[in-house]
Amino acid sequence: MLDELGEHDILQVLVEGGATVASAFLEAGLVNHVVWYVAPALAGSSAGRGALASLSTPGIAALRRARFTDVRRVGEDVRMDLEV
């Protein structure tokens, strides 16, 4: 699908999804920019999954590093723009 979009000169795509979708795009090396919101809300669940739970990270050496390009408050939340 991304190749077809590229053939029509569409070079940027907004991808929204859960842990599986986000992890798959990162794993495939298809992400160059992440917008991440953090809210001052705490919740827990023994059945809960993290935002990138499906991302393969066998150890600290395998971490995917990003660089902050912008950090700002949006209401009570914090928006972080990351370059991957």
Can you tell me which residue is surrounded by the fewest Cβ atoms within 10 Å (Cβ to Cβ) among those in region 40-62 that are of a type in the set (A, V, I, L, M, F, W, C) and closer than 17 Å to residue 19 by Cβ? 47
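Could you tell me whether any residue of region 40-57 is assigned to a strand (DSSP E or B) and of a type outside the set (D, E, K, R)?
Keep residues of region 40-57 that are assigned to a strand (DSSP E or B), which gives none.
Checked region 40-57: no residue is assigned to a strand (DSSP E or B) and of a type outside the set (D, E, K, R).
Can you pull out every residue in region 33-51 that is under 21 Å from residue 70 (Cα atoms) and under 18 Å from the mean Cα position of the chain (by Cα)? Outline the logic, then answer.
Initial filter on region 33-51 (under 21 Å from residue 70 (Cα atoms)): 33-40, 51.
33, 34, 35, 36, 37, 38, 39, 51 - these are the residues of region 33-51 that are under 21 Å from residue 70 (Cα atoms) and under 18 Å from the mean Cα position of the chain (by Cα).
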Search result, residues across region 3-20 that are modelled with pLDDT of 90 or more and not in a loop (DSSP other than H, G, I, E, B): 3, 4, 5, 6, 7
First in region 58-76 and under 20 Å from residue 40 (Cα atoms), second anywhere and in a strand (DSSP E or B), Cβ under 6 Å, 6 or more apart: 70/81; 71/80; 72/79
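In this structure, is residue 6 without any contact (Cβ under 8 Å) to a residue 12 or more places away in the chain and either surrounded by 12 or more Cβ atoms within 10 Å (Cβ to Cβ) or at negative phi (or both)? Spell out how you get there, then give the answer.
Working: without any contact (Cβ under 8 Å) to a residue 12 or more places away in the chain: yes; either surrounded by 12 or more Cβ atoms within 10 Å (Cβ to Cβ) or at negative phi (or both): yes.
So residue 6 passes the test.
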What pairs come out if I take residues in region 13-24 that are in contact (Cβ under 8 Å) with a residue 12 or more places away in the chain and pair them with residues that are surrounded by 11 or more Cβ atoms within 10 Å (Cβ to Cβ) and polar (S, T, N, Q) whose C-beta lies under 6 Å away, six or more apart or interchain? 19/54; 20/54; 23/54
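The values are calculated or read from the model by the stated rules, or taken from the named source; none is laboratory data. Predicted, not measured: the structure shown is a model, and the values here were computed from it. Virtual Cβ from ideal backbone geometry, glycine too; neighbours counted across all protein chains shown.
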